[in-house]
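Taking it in order: structure first as structure tokens, then the write-up.
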Amino acid sequence: MLRIACTLQRVRETAPQPTTGPSSLLIVSPFTFQPRLMCNNSGLDGGLPMMRVATAILGFLLLGGCAADVATVPDQPTMYLSMAHGGAKLDPVAAASMISLYRSNNGLGPVVVDPALMALAEDQSTAMAKKNKLDHDVKAPLARRLNAGGYPATLAVENVSAGYHTMAEAFSGWRDSPPHRANMLKSGVTKLGIAATYAPNTKYKVFWTMILASTDAK
């Protein structure tokens, strides 16, 4: 089961938290393969020393030829990397690029990664994972969390979700949900913090948080 929720609020204001049910999910199945190569160049027993030298040189040349023929497996785009395993690391720059492109296609400005928002998003995802609960207010409402963290936001919105394994899936779920899409297309935000916390013993496995904000004076 996949669940997503979002909140839209100005700093130091309290607003009802709209929550949606399950959203549609875009599942991408990347093509992967593992090349295998066997190159067995046996030496010759006996014979003249020069024959042994020639054989050795030929062996090295053949081995080099084999190595040159190995196809390089391209790296998988980070947006398709699964967060559903220990040690998985989200690429915030790739996430910011994805959100910025989506905003640009809708006539809006880009967002950049903000370290302070990254820490706040990580804290929220970790709190939800520990309680196995998808809830903006699992610790406190967004405005209170921003204030407690000393973040001088003048505008802030937050999307949370659970159950998506990749950034591409989370983005697709948010894009296909009107309240979450509205947050990603919020006019005036310029900074981003995003986190995905893996909790193997929970119902949803991966808990997502994305905070978009601005510190510009109104």
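Overview of values
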quantity: Local electrostatic count, ASN105, Cβ distance below 13 Å [Lys/Arg +1, Asp/Glu -1]; calculated: +3
quantity: Relative contact order (percent, whole number), the range 94-216, Cα cutoff 8 Å, 6+ residue spacing; calculated: 37
quantity: Dipole of the range 73-218, positive end: most advanced residue of ALA156, GLY193, ILE99 [Cβ charges, Cα centre]; calculated: ALA156
quantity: Shape parameters for the range 76-218, alpha-carbon atoms, Rg then Dmax in Å; calculated: 14.1, 44
quantity: Filter on LYS131/LYS203; LYS130/LYS186; LYS130/LYS203; LYS191/LYS218 - keep pairs with C-alpha separation over 19 Å; calculated: LYS130/LYS186
quantity: Amide H partners (placed H, <5 Å) of LYS133, local residues excluded; calculated: none
quantity: Residue order for VAL113, VAL93, VAL160 - accessible surface, 1.4 angstrom probe, largest first; calculated: VAL93, VAL113, VAL160
quantity: Solvent-accessible heavy-atom area per residue, rounded to whole Å², over the range 82-180 at 1.4 Å; calculated: 41
quantity: Residue (of ASN183, PRO110, PHE171) at the positive-pole extreme of the range 64-218, dipole from beta-carbon charges; calculated: ASN183
quantity: Cβ-derived FRET efficiency at R0 25 Å, ALA217 paired with LYS89, nearest 0.05; calculated: 0.10
quantity: Local electrostatic count at GLN124 - Lys and Arg +1, Asp and Glu -1, tallied over other residues with Cβ under 14 Å; calculated: +1
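The values are calculated or read from the model by the stated rules, or taken from the named source; none is laboratory data. From a predicted model like this one, the values you see are computed outputs, not experimental measurements. So basically every Cβ, Gly included, is an ideal-geometry build from the backbone, and we count neighbours across all protein chains shown. Just so you know, the surface numbers come from the protein's heavy atoms only, side chains and all, with ligands and any DNA or RNA stripped out. Shrake-Rupley method; radii C 1.70, N 1.55, O 1.52, S 1.80 Å.
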